[in-house]
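Enquirer: Dumping the structure here so I can ask a few things about it.
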Amino acid sequence: KNNNHWEVFFDDDKKRRVALSKMGSGIKTVLLVLLNLIVRPKIENKSNESYVFALEELENNLHPSLQRRLYNYIKDYSVTH
């Protein structure tokens, strides 16, 4: 059946495929942040300096260890880009 529906899958640590639609909102938040920081400038063919990102309440639905990793990534990204 072709309903023009597509899905993004990730492999877990046991090599099982997990659909993004079945994951929690925390991982979706992380993915959206990374897409905006990394992919958006490439797609729009603009320098990173031409963007101002406003990120609100990233801690919602994120495990504290994932929060720290995401915040550290954003901090490092802001320093190196």
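Enquirer: Ignoring ligands, DNA and RNA, what percent of the 1.4 Å accessible area of the chain is carbon and sulfur?
Expert: 53
Enquirer: Using a 7 Å offset from the Cα along the Cα-to-Cβ direction at both Tyr51 and Ser78, what is the distance between the two label points in nm, to one decimal?
Expert: 1.4
Enquirer: Between helix 25-34 and the chain, what is the angle of the helix's C-alpha long axis to the longest principal axis, kept within 0 to 90° and rounded to the nearest 10?
Expert: 50
Enquirer: Taking the Cα atoms of the chain, report the difference between the largest and smallest coordinate on each principal axis, in whole Å and largest first.
Expert: Its Cα atoms span 44, 33, 23 Å along the three principal axes.
Enquirer: Excluding ligands and nucleic acids, what accessible area in Å² is computed for Thr29 using a 1.4 Å probe, to the nearest 10?
Expert: 40
Enquirer: Moving to a separate point now. Send over a whole-number figure in Å² for the accessible area per residue of the chain, probe 1.4 Å.
Expert: 84
Enquirer: Then there is this: Taking Cα atoms, how many degrees apart are the long axis of helix 64-80 and the longest axis of the chain, rounded to 10 and kept between 0 and 90?
Expert: It is inclined by approximately 50 degrees.
Enquirer: Could you state how much accessible area His63 has, in square angstrom rounded to the nearest 10, with a 1.4 Å probe and all protein chains kept in place?
Expert: Roughly 120 Å² of His63 is accessible to a 1.4 Å probe.
Enquirer: Same structure, new question: Across the chain, how many lysine pairs, 8 or more apart or on two chains, come within less than 23 Å at their alpha-carbon atoms?
Expert: Value for the chain: 8.
The values are calculated or read from the model by the stated rules, or taken from the named source; none is laboratory data. Quantities reported herein were computed from a predicted structural model and do not represent experimental measurements. Positions of Cβ are backbone-derived with ideal geometry, glycine not excepted, and every protein chain shown enters the neighbour counts. Surface areas here come from the heavy atoms of the whole protein model, side chains and all, with no ligands, DNA or RNA. Shrake-Rupley method; radii C 1.70, N 1.55, O 1.52, S 1.80 Å.
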